[in-house]
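Data block below; observations after.
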Amino acid sequence: MLATKPEIYNYIEPTALVIDALTMLNSVNLSYLVVKDGDLYKGIFCERDYSRNVILKGRSSRTTKVEEVMTIDLPLVEVTDTVEHCMNKMNLHKARYLLAFDNTHFAGVITIHDLLRQVIANKELVFDSSLAEKLIEQDEGNKIY
């Protein structure tokens, strides 16, 4: 699945200010940035991190560093895992992103949109449709996306 995505270019350093991360999010037109310290994966900074960990906590995006508010506990998958496995993992953890690794090497981020594109492109081959129905009908409660 990662082979169909462009090479990762949306990196930011953990010590960058949130305002700079927001500017970068806007310029790359994505909902997340990969936080790396050199070649070492550290986490993800996304719009949800900004709303929950900066705005709602009264912090300033001009003084808060990305490493203070980023997400570090996303579910992990291997690059060889199936779309169905990834969808099950995303559903189980109620996550919007999965971190894909090739053994111990960070390979990229799989989003719910990536999975849906795969499903639409290969709907007969990908999985039993009951899982898609569960994801569609899943009660999101009071979650903000």
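Which residue, Gly38, Gly58, Gly108, has the most motion in a Gaussian network model of the chain that connects Cα atoms within less than 10 Å?
Gly58
Any idea how many Lys pairs in segment 1-136 come in under 17 angstrom at the alpha carbon, given 8 or more places apart or on separate chains? Mind showing how you got there, number by number?
On the way: Lys36/Lys65; Lys42/Lys65; Lys57/Lys65; Lys89/Lys134; Lys94/Lys134; Lys123/Lys134.
Taking segment 1-136 as the scope, the lysine pair count is 6.
Name the residue, out of Met90, Met24, Met70, whose mean-square fluctuation peaks in a Gaussian network model built on the chain with Cα pairs under 10 Å.
Largest GNM mean-square fluctuation: Met24.
In debye, nearest 20, what is the charge dipole magnitude of the chain about its Cα centre with +1 on Lys and Arg Cβ and -1 on Asp and Glu Cβ, if you could check? Mind showing how you got there, number by number?
Values: 16 positive and 21 negative charges, 113 e Å.
That gives a dipole near 540 debye.
GNM, the chain, Cα, under 10 Å: largest mean-square fluctuation among Val28, Val77, Val66?
Comparing Val28, Val77, Val66 in a Gaussian network model of the chain, the most mobile one is Val28.
Based solely on its DSSP helices, what 222 nm [θ] is calculated for the chain when runs of n ≥ 4 H residues each add -39,500 (n - 2.57) and the sum is averaged over all residues, nearest 500 deg cm²/dmol? Numbers along the way, then the final one.
Working: 7 runs with 53 residues, N = 145.
The helix-only estimate for the chain comes to -9500 deg cm²/dmol at 222 nm.
If you project the alpha carbons of the chain onto the principal axes, what extent comes out on each, in Å, largest first?
Over the chain, Cα extents along the principal axes are 49, 36, 25 Å.
Before anything else, pin down the relative contact order of the chain: Cα pairs under 8 Å, at least 6 apart, normalised by residue count, whole percent.
Values: 180 pairs, mean separation 28.1, N = 145.
Once normalised by length, the contact order is 19 percent.
Hey, can you grab everything whose amide H is under 5 Å from the amide H of Val77? Only 5+ residues off in sequence or another chain; H modelled, so Pro and N-termini drop out.
Under 5 Å from the amide H of Val77: Leu99, Ala100, Phe101.
Amide H to amide H, which residues 5 or more places from Lys42 or on other chains are under 5 Å from it, using H placed in the peptide plane?
Under 5 Å from the amide H of Lys42 lie the amide H atoms of Val35, Lys36, Asp37, each far enough along the sequence or on another chain.
Values quoted throughout were computed directly from the atomic coordinates according to the rules given, and no laboratory measurement underlies them. As the structure is a computational prediction, the values presented were derived from the model and not from experiment. Neighbour counts run over all protein chains shown; Cβ positions are idealised from the backbone, glycine included.
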